[in-house]
Every structure is written in C-alpha cells, then in structure tokens.
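Remarks on the structure that follows.
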C-alpha cells in the first residue's frame, strides 16, 4: 500500500487457500513459498491448494467513549446523526460492548472477577472461556470462472470460531467461502455439528454461523466483547492452527492499531497488529486481553523475509458494526464509502492556490459517478471536516489521545444509507453539504454475489462479465494488458455497468474463423453499446435482422448469420456437455439500467477514468 515492499504478503490464515494472481503489486497473490511483493489471502491446505485474494477500502465502527477521546466532541456518544442508537453503545455496567444477541443475567452470564478468577499466562489455558472456542470444518466448492457453467473440484479446510450467544458463532468469511457444508466441534468433544452460514461480510472478513443442535450448546457460555485495546496491552490468541488437533494458545502484545489492508475483503478497515504467533487454522479464533474479554478475531498474518511475528486481529469495533448491520437489515449490507479520490494538502503553495486558510483538509481529485457524493461534491473541492471532526492535511483525524488515524476511519463507522455532513471549501468559500453514504460500486467486482458467475453462449461464443476471480483463474497473461488496464483503472459510470468479455469460442461450423478469439471485450451488438451481460442477452433475444454483428475492442468484428447461429446452439451444448446456454439470472426479464440524469452511453464514457481501484495511501493519494 503506502509502503513499497519486495518480499511480503498479508495472508488470511484459515487452513484453506486459493492462490490468485493479479497485475497490481498491491494485490498479487502467491503461494506459501512465493517471494513476490503481494497482498495475499493464503493458508495451509488439507487436501489441495487453492487461491484467495488481495486488498482495498476503509475502517471500523463506533468505539467506547473513552477510546474516542479527541475524535469528536460535538456528537453525543452512542447516538448516530439520524437519531438512532449506535450499535456500539457501551454496557452501562461494565463499559464493554455487549455480545451479539445476549443480555446481562446475574446468575448465568459469564462474568470475570479478577480476584476470584485471575487470567494470567499461567492459568489462561484452563479458563472457562476457552470452551467457547470451536474448530470449524468446511467443504468448499468454488465456481470455475473460466468455465462458468460448472464448479471446480471440492476441497476442505479447517479454521476456528467462537460463541457469541443466541446460538450464534463468529468466524472469518474466508473460512466459509463457497461453502457446501460447514461443521463445528467443541473443545474436548468428538462430535461434529452442522452449522449454517447466516451472513458473510466479505469486506470485513467476518461470517456469522448458527448451530441448531441444543446438545452443542449444553453448558456453553458466550464470550464478552471488550473495548479496543491500547498499545503494549497483553493479548492472547486462541484457535486450532496446524500442528495439532487440540486447542492452541499463543501470547503477545498489541503492537499497532491503524487502518489495515484486509487481504480477503480487498478493503481497508481498522485492524490490530500483534506479535503473537498466528498460523494457518487460527482464522476466526478470538483474541483475549488479560481480563478474559474478546478484543477481536484473528484473521491474517504478514509474511516477509524482513519481518517476523506480525499478525492481525479484527477489532471488536468492526465486529460490532457487522453484527449491528445484520440485526438492522436481517442481512449484511457492507461498509459505506464516500466515493471520492483525495489528495493530501501538505504543500503550502497548493493550499494557498486553493484558498485554504489553514493547514487542514484534503483535495477532491475525482468523484465516482455512481456515488451520492457526485451530486454535491466537485473536483477541486477541499474537504476540511467530517461530521464536525477536522481533517488534517495528511488525511488524518484525531484518534483517542495523542494518536491520529486515516480519515477513512470515520466513514467506516457509518452504515449504508447514513448521512454525513461535510465541511468543504469551494473556490475559497466555506460551506456545509450533506452526503448519503453507501457501499462502493466496483466496475470489476472482487467477489461475485451468489458465488456463480453469469454467462451467455451464442453460436459457441462464451460471454461473461469481467471479474477479479476470472482474472485470477486466467492468471492474467491471456487477459491482455489493455483489458487489465481497464479492470484496474476504470470507474463504473452507472450502477449495473459491467465489462463483458468473450472468454472463449467453442469450435463449431457456424463460428469458423473465430476459434482463436478469447478474453476480448465486446463493446457493441448491432451498433448498440452493451451495458452489461443481461443487456447483451436482451439484445440478442430481440434481434430481428439477418445478421448478428459483435464489435470488439480494437475494432474487431464477428458477424454471424442469425438463423444459423440460433440453430447451432443445441449442438454446441451437446458437444461440450453444457446444461444451459445461459446462467439462471439471465432468464429473468431485462430491466433497463438507470445511467443517471442526462448521461448518455457513448464510446468516450468507457475506459476514460485513469483511476486505480487500489490507489490508497500511494503518493499522497487515497480513496475515501
């Protein structure tokens, strides 16, 4: 990210792995022995190795009022701007965040008395709360993005999880990615119980599980979520890493707390860096402080020849945001984004030119067309405050006492649909604007909703939307530099926009001469600009002319006789053992995309935004 490295990677630490490759050095994935610069989602394998993924986005949720010293003194603690209660309202008795769905019970809730039940290095392993940590067994069946009508061979992995009350467990999202079966086993038990995935937050790498068996919960006590720890505070990581079948305990201290790249989620959220050993299989396991409170979820490690013992924990602020989001919406909606590309204002001449009176604020370089900020912000605006919290010229805001943190942290405390008040300077004039925050729309998604890619087969031509998993499966080289550049540097102009590519041609008499085509972007069909793959399917279905003309990037033409193309479909499907000529989502009626007020789709609207999805903290640039 903001620091150039040569031999490193962030690696997610479940015992399963999918090694993916990517053109951007900040998202390059590698195997365990790779020495390439990378941000990787990695783990040790049980049956076979598979790839996982890179990083990019924004921080966490509201924290305890004593941890928020200096962040905001104008807003009441525990109350959002719209008047709703904050999901991180501290417990009135203990000052700690409450476990999800649990209530205080004098005689049943797990309590920690430092006099009667000390939790130190010597007796931590016999503490009652270790029984709340379970082992996760998952069977994964990932889609084959190169052959989108089928799945890859299944593989298995193990990880960790812990109880949070109300029949729920928490683990990492990458531990149950593409799951077909999830089972859990308690400490000291020999029975595995089936678990159901209720919600999965890809960007924050958290998943919520439910176990219906009453026998599994007999004698169980949920863990209490604690406050955000301080530097040098002792931390203990518990889980089921490789090297044995029983529970494992490692101890260290908190080394750093800052906005951190999340390898699996391709996002940036608040993270806790620790020096306790974190190994494959620790993913999803809790990290405790000396009072026996859970301060976060172990999820990734930093691998480098020049660094040792760098592990990362998802703090309880991010966990609470995930759980509150799920409770609010009965599903996970994601962390919001402001949708602007920013530049630091450290140079005095730059500030003077922009008529900024003080050494504060960040410059708006670009606004995403799909963001709500596009309606109120303009290029050249200087954002000086966020909900009355002043932003420094380096893009940081106060965080606790004597600490500063990336401005993106404030955004990540919000929920999808929340409104933020921005203080801006436009042409030397100060003003306040209201912006609705929503999750960012990616033109080339890092994860495909539903787990199965869309595809369309016409006369042996296989069309599919471009996605990061497809690029990973193709190992980039066959994709082509121009298409990779579009994937990395192009912004979506409207919601629902996709880059549709011809991934391959299934040889047939009707497509003679086109057999060697592959991984090329299709731009138009019969002269009409293609918005997404569903739009392409609609255009083909409504075609009334004699010919079907596909125009590709680079002015390459494919012309098919309509009747011959349609009549060949059944034979192509039979020859290649394909069950259907299109994915199930393309069987639904096509709904016209809203491209925005006054926007028209012309050639210049595509591929003309020289902005990287991963420009975060590089050369004074960051995405909010």
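Observations on the structure shown:
- Within region 203-222, tally of residues that are surrounded by 23 or more Cβ atoms within 10 Å (Cβ to Cβ) and in a loop (DSSP other than H, G, I, E, B): 5
- Complete set of residues in region 555-587 that are under 29 Å from residue 482 (Cα atoms), touching a strand residue (DSSP E or B) at 6+ places or on another chain (Cβ under 8 Å) and without any contact (Cβ under 8 Å) to a residue 60 or more places away in the chain: 556, 557, 559
- Criterion applied to 324, 320 was being under 19 Å from residue 162 (Cα atoms) and out of contact with any strand residue (DSSP E or B) (no Cβ under 9 Å at 6 or more places or on another chain), and the one residue passing it is 324.
Yes or no, residue by residue, for (1) crowded, with 18+ Cβ neighbours inside 10 Å; (2) touching a helix residue (DSSP H, G or I) at 6+ places or on another chain (Cβ under 9 Å); (3) not assigned by TED's automatic domain parsing to the domain that holds residue 466:
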residue: 515; (1), (2), (3): no, no, no
residue: 526; (1), (2), (3): no, yes, no
residue: 534; (1), (2), (3): yes, yes, no
residue: 572; (1), (2), (3): yes, yes, no
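- The conditions of being without any contact (Cβ under 8 Å) to a residue 60 or more places away in the chain and surrounded by fewer than 23 Cβ atoms within 10 Å (Cβ to Cβ) are met by residue 423.
- Filter result for residue 383 (under 16 Å from residue 422 (Cβ atoms), crowded, with 22+ Cβ neighbours inside 10 Å, touching a strand residue (DSSP E or B) at 6+ places or on another chain (Cβ under 6 Å) and modelled with pLDDT of 95 or more): yes
- Matching residues in region 342-367 - criterion: being within 26 Å of the chain's Cα centre (by Cα) and surrounded by fewer than 22 Cβ atoms within 10 Å (Cβ to Cβ): 343, 344, 365, 366, 367
Matching residues to (1) modelled with pLDDT of 95 or more; (2) on the phi < 0 side of the Ramachandran plot; (3) in contact with a helix residue (DSSP H, G or I) (Cβ under 7 Å, 6 or more places away or on another chain):
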| position | (1), (2), (3) |
| --- | --- |
| 460 | yes, no, yes |
| 465 | yes, yes, yes |
| 473 | no, yes, no |
| 483 | no, yes, no |
| 486 | no, yes, no |
| 489 | no, yes, no |
| 492 | no, yes, no |
| 499 | yes, yes, yes |
| 505 | yes, yes, yes |
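- Scanning region 271-287 for residues that are part of a strand (DSSP E or B), outside the structural domain of residue 403 (by TED's automatic domain parsing), within 22 Å of residue 128 (Cα to Cα) and in contact with a strand residue (DSSP E or B) (Cβ under 8 Å, 6 or more places away or on another chain) turns up at least one hit.
The values are calculated or read from the model by the stated rules, or taken from the named source; none is laboratory data. Here the structure is a predicted model, which is why all the values come from computation and not from measurement. Neighbour counts run over all protein chains shown; Cβ positions are idealised from the backbone, glycine included.
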